[in-house]
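Read through the structure below, which is laid out as structure tokens, and then see the notes.
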Amino acid sequence: MDLSVRIGPLTLRNPIIAASGCFGYGVEYAEVVDLASLGGIAVKGLFLTEREGHPPPRIVETPAGMLNAIGLQGIGVRRFIDEKLPELRARGATVIVNICGSTIDEYAELARVLSDAEGVGALELNISCPNIKEGGITFGCSLNGTFGVVSAVRKVTRLPLFPKLTPNVTDIAPFARAAEDAGADAVSLVNTFLAMAIDVETRRPKISNVVGGLSGPAIRPIAVRMVYECRRAVKIPIVGMGGITDARDAVEFMIAGASAVQVGTANFVDPFIWPKLLEGLREYMQRHQIARVTDLVGTVETGETKEWRNGVMG
Ligand SMILES: Cc1cc2nc3c(=O)[nH]c(=O)nc-3n(C[C@H](O)[C@H](O)[C@H](O)COP(=O)(O)O)c2cc1C
């Protein structure tokens, strides 16, 4: 059984990746998870410098999901390279570094610094964090912004580039196309959905940032739809995510068009989920006599025509 997948120039041993912000810098989980058994680890979003993030409360449980506004707390890229990357390398992890900036120059500088570091498998450009005021989602919500930041980073690095798209737009497909046109090797989608929860006793927002990003099973059908739409719009691979809790969910994303998937919130519920995901994927492939996991990608049978979609939906 062949579980390996290619995401642009990067080959992953399997399609299951730990999602950014939900798996620390990877090393924190080394005692419970064999880091080399994962397809990849997308580490917590990094800026050039350290950041404290927002004050607590920063997360709250919601029906079938969670709301967070961490505010991209992090140790900064240089400490990551010095303190975390060597251990990730030693443990055989495939490292995807999630990078964030307030300006295009910051993204480009991060890409330059990480290009010189040993053991970086790919860069995931976080242009979709809903929880910071400056940068980030400002680029991800504008087609020109997306094109601009991706092409600027493309010019300074040979590392595989995966811009991470926001679902907080009316139509996500043109954003995937803008990323592809700018030289992205793949697109990751989706980041969290802007959302809000209020304590009705105090009438105060449940998190300090007032609004935050919704993740978990609540968002899965929307994320699957977005992967499906992007699959039809671009040729580059898609890394899909949003509410995956078991192997069947992962398979659903792959059938919709994702070449690999990321799992975030589910790791908070069950940090021992990783071998179960891989075992479940193998079991599915065996039962459906699929020799290569890539044979699943984009195989959804809708039987639909364009006319049907435009005319009858809703
Ligand atoms: C607590 C938390 C922190 C996150 N931090 C980041 C981050 O630093 N960078 C990023 O691109 N996405 C971040 N995300 C988004 C996840 O990587 C993922 O896109 C989203 O949660 C949907 O997947 P899930 O439903 O499996 O969690 C974060 C999500 C959560 C819940």
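The values are calculated or read from the model by the stated rules, or taken from the named source; none is laboratory data. All of these numbers come straight from a predicted model, not from anything done at the bench. With ideal geometry, Cβ positions are generated from the backbone for all residues, glycine too; neighbour counts draw on all protein chains shown.
Here are some notes:
- Residue list for region 77-102, filter: surrounded by fewer than 14 Cβ atoms within 10 Å (Cβ to Cβ) and in a loop (DSSP other than H, G, I, E, B): Gly92
- Close pairs (7 angstrom Cβ cut-off, 6 or more residues apart or separate chains): among the small types (Gly, Ala, Ser) in region 262-275, within 13 Å of the ligand (Cβ to nearest atom) and part of a helix (DSSP H, G or I) anywhere: Ala266/Ile273
- Of all residues in region 237-248, those being part of a loop (DSSP other than H, G, I, E, B) and surrounded by 21 or more Cβ atoms within 10 Å (Cβ to Cβ) number 4.
- A search for C-beta distances below 9 Å between a residue of region 188-212 that is closer than 26 Å to Gly40 by Cβ and any residue that is among the hydroxyl-bearing types (Ser, Thr, Tyr) and modelled with pLDDT under 95, counting only pairs 6+ apart in sequence or on different chains, returns Ser188/Ser128; Leu189/Ser128; Val190/Ser128; Asn191/Ser128; Thr192/Ser128.
- Ala178 falls short on exactly one of the conditions (1) within 15 Å of the ligand (Cβ to nearest atom); (2) farther than 25 Å from Arg13 by Cβ; (3) among the small types (Gly, Ala, Ser); (4) modelled with pLDDT of 95 or more, and that condition is (1).
- Within region 35-55, tally of residues that are part of a loop (DSSP other than H, G, I, E, B) and touching a residue at least 24 places away in the same chain (Cβ under 8 Å): 11
- Residues of region 248-267 that turn out to be polar (S, T, N, Q), within 16 Å of Glu124 (Cα to Cα) and either more than 13 Å from the ligand (Cβ to nearest atom) or out of contact with any Gly (no Cβ under 8 Å at 6 or more places or on another chain) (or both), as a count: 1
- Hits in region 34-73 - residues which are under 15 Å from Leu123 (Cβ atoms) and in contact with a Cys (Cβ under 8 Å, 6 or more places away or on another chain): Gly45, Leu46, Phe47
- Scanning region 115-129 for residues that are of a type in the set (Ser, Thr, Tyr), assigned to a loop (DSSP other than H, G, I, E, B) and away from the ligand (no atom under 14 Å from the Cβ) turns up nothing.
- Top-ranked residue in region 85-103 [being more than 23 Å from His54 (Cα to Cα) and touching a residue at least 40 places away in the same chain (Cβ under 8 Å); ranked as nearest to the ligand (Cβ to nearest atom)]: Ile96
- Against the test of being surrounded by 24 or more Cβ atoms within 10 Å (Cβ to Cβ), farther than 14 Å from Pro160 by Cα and either within 11 Å of the ligand (Cβ to nearest atom) or polar (S, T, N, Q) (or both), the options Gly53, Gly140 yield a single qualifying residue, Gly140.
- Conditions (1) surrounded by fewer than 22 Cβ atoms within 10 Å (Cβ to Cβ); (2) polar (S, T, N, Q); (3) part of a loop (DSSP other than H, G, I, E, B); number of the one not met by Ser20: (1)
- Whichever residue in region 70-83 is aliphatic (A, V, I, L, M) and more than 9 Å from the ligand (Cβ to nearest atom) and, among such residues, is nearest to Ile207 (Cα to Cα): Ile75
- Members of region 32-45 that are touching a Leu at 6+ places or on another chain (Cβ under 7 Å) and under 23 Å from Leu110 (Cα atoms): Gly40, Ile41, Gly45
- Note on region 207-220: residues that are away from the ligand (no atom under 12 Å from the Cβ) and either of a type in the set (Val, Ile, Thr) or closer than 16 Å to Ala64 by Cβ (or both) total 2.
- Helices (runs of 4 or more DSSP H) completely within region 251-314 that count 1 or more residues being modelled with pLDDT under 95: 306-312
- Members of region 103-130 found to be modelled with pLDDT under 95 and crowded, with 23+ Cβ neighbours inside 10 Å, listed by number: Ile127, Ser128, Cys129, Pro130
- Residues of region 131-142 satisfying the condition of being in contact with a helix residue (DSSP H, G or I) (Cβ under 8 Å, 6 or more places away or on another chain) and either of a type in the set (Val, Ile, Thr) or at pLDDT 95 or above (or both): Thr138
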